[in-house]
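Only one structure is covered here, and it is reproduced in the block below.
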Amino acid sequence: MREVSFDRKSIRTRLIMAFVVTSFLPIALVNIISYYNTSRLVRQNVESMTNANLEQTKVSLDVWLDSYEDILFQVYTDDDIVDLVDKINAGEDVANNRQMLRKTLRGLFYTKDYVKSISVITDSGELVFYDQLTASTTRTSWMESISMSQEELYHEISSDNKTHIMPTGEKVVFGSNSCYLFHIGHRIIDYRDVDKQCGVVLVSIDEKLLEEICSTTENGLNFIVDGEGCLVSCAESEKIGQAIYSKEAGEGDKKAAYQRIAMETGLLGETELSIYSVHDEETGWEIVRATNQEELISALRQQQQLSGLIIVLSLCAVVLVMFGQVSRMTGSIKKVVETMRKAGKGDLTIRVEADKTRPTEIEVIAEEFNSMMDKMKKSVEKQKNAEIAALEAQINPHFLYNTLDTINWMAIDKDEYEISNMIGTLAGILRYGISDSNGIVKVKDEVAWLKQYIFLQQTKLKNSFACHINVEPELMGCSIHKLLLQPFIENAILHGFEGVEGSHTLEMDMGRKDDWILIRIQDNGCGIPEEMVREMNEGIFRKTDNKNHIGMENAITRIHMYYGESAEVKIESRLGQGTVVQILIPVDDETVE
């Protein structure tokens, strides 16, 4: 047989060249372009989700720390604690007062998980604490783990009225118990003399709380570094509390340190990691996430090589397989991206539907996204509940302190029967307000409580105003959220009648308007300037002349939280002619148990 030579002009060569040019090369080119485009989309989406994860972690961190500051607030504003600290500072029966203060701290200890110690340092240098790790009453588990002495710690915290956050120090070890602790502290405030130096209080919290907030996943590791370059929290790291870079380090040195810490944990392998970070302004900490994308990129590369091999062996099969593969991959990515875009517009219920035909890498992204959305929804619900609790907490203490102060003066000026009557009324108010403060009650119960509150205010102000409450009988059995109207009543009494001569009258009418309850609260007091009324209707509340309307602002916020944006609050007022507040909420005929 004669050997066939390669001839550029032969039909075979031309067909091969035409086939290569018209089929193989375009398909190969499309395959390569598709590979890089898919890789780019995956990287962008992973980066977008990672940044969203960091932002959500930052929000969760701030919300959780705010919730622990409530314990701090209860201690540094408690009058009984202030009195005990004053006695200790004065050297009055120090041993007994230390024991009573320690017992008080113990009563607050179990209100939150992860709290390991609550400590008070008095102005006289006494240290009183309740510590979970040690039964000692003279030595705390944490004092030696931080870089500051007791005197330095006291000086820093007592220098202002801010909450101070002390980052994680060295590991605390007591017998078989060990943990890392970080601390929040605040100056103790005596509201009878706010400039007086009494002492400081510190709440020591287990670093495991930060690990739980960071929520390390299989292909990602979250950790926290403070502004001094010290590692505050990291899963399975013995370097917590140590400096991983200097304060003057540049961005390159910081990323190198983050790489080193992430690789030393051994959770993400030994390949090059992608580093992302976000700065938390409230704490001054840097929240860092290290991810291993090598597995994802490697899987994409292997799939591309397999596609190339199939093209060489059978072009027709490759064309079909590549068409199906590319269409399937881009279609899966498109579905994930479309879902992400809907989520970006605020729909936290959106999820990527399961699809067994979807490539593993894209399925991993879909599962990660669904997991992130579940966590985000839970975090938003927790934040909402925390905001509601914080708003209500701003009302009750303020009312409590003012009322108790009034009763105190009445005890001096009036006989015990009137005081007994006021105390009984106050007990009923507190019992109603403290028990399930987010709960729903019948309108008749809320109105009865308001009448008790108004009775106290009338007694306090020597019956300087009259009050009339009119409620349509059919509304008495309807449901309403507790403590919803009191701030508007309080604002009218405390601010509306101030400095106004003549008879003062407060009226509240509640009637039904179709499927809505219309509540109208009116006073004939001093009124509010027109510009301020406009701002308040727009949701802007400013402090003027040493007065603020935080109660009204909180109440309006709660109304929208409970009933949505369809609920309305409208304020009308003229100087010298009084103020009218109109509230429109949906009727709820649901029976309250």
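Between Glu212 and Ser503, the modelled label-to-label distance comes to 5.9 nm, taking each label 7 Å out from Cα in the direction of the beta carbon.
When peptides 449-461, 121-133, 101-113 are sorted by average Cβ neighbour count within 10 Å, with the highest value leading, the order is 121-133, 449-461, 101-113. Entry note: the stretch 197-280 has Rg to Rh equal to 1.03, where both radii use alpha-carbon atoms and Rh is the Kirkwood radius. Here r is the Cβ-Cβ distance between Ser136 and Tyr191 and R0 is 41 Å; the resulting FRET efficiency, rounded to 0.05, is 0.80.
The alpha-carbon atoms of the stretch 39-96 define a convex hull whose volume equals 92 cubic angstrom per residue. Here the peptides 367-375, 181-189 are ranked by packing, the mean other Cβ count within 10 Å, and the order with the highest first is 181-189, 367-375. Cross-link pairs exceeding 29 Å in C-alpha to C-alpha distance, out of Lys451/Lys570; Lys112/Lys254; Lys444/Lys570, comprise Lys112/Lys254.
Full extension of the chain between Phe541 and Ala249 gives 100.8 nm of extra length, using 0.36 nm per residue less the Cα-Cα distance. Seen from all directions on average, the stretch 77-210 presents a Cα convex hull projection of 7.8 nm². With each pseudo-label sitting 7 Å past Cα toward Cβ, what's the Trp516-His468 distance in nm, one decimal? Between Trp516 and His468, the label points sit 2.4 nm apart. List the residues of the stretch 49-83 whose backbone N lies under 16 Å from a point placed 7 Å from the Cα of Ser124 along the Cα-to-Cβ direction. Only 81-83 fall inside the zone, counting backbone N under 16 Å.
We did not get these values from a lab; they are worked out from the coordinates using the rules stated. The structure displayed is predicted, hence computed values, not measured ones. When we count neighbours, we look across all protein chains shown, and the Cβ atoms used for this are built from the backbone with ideal geometry, even at glycine.
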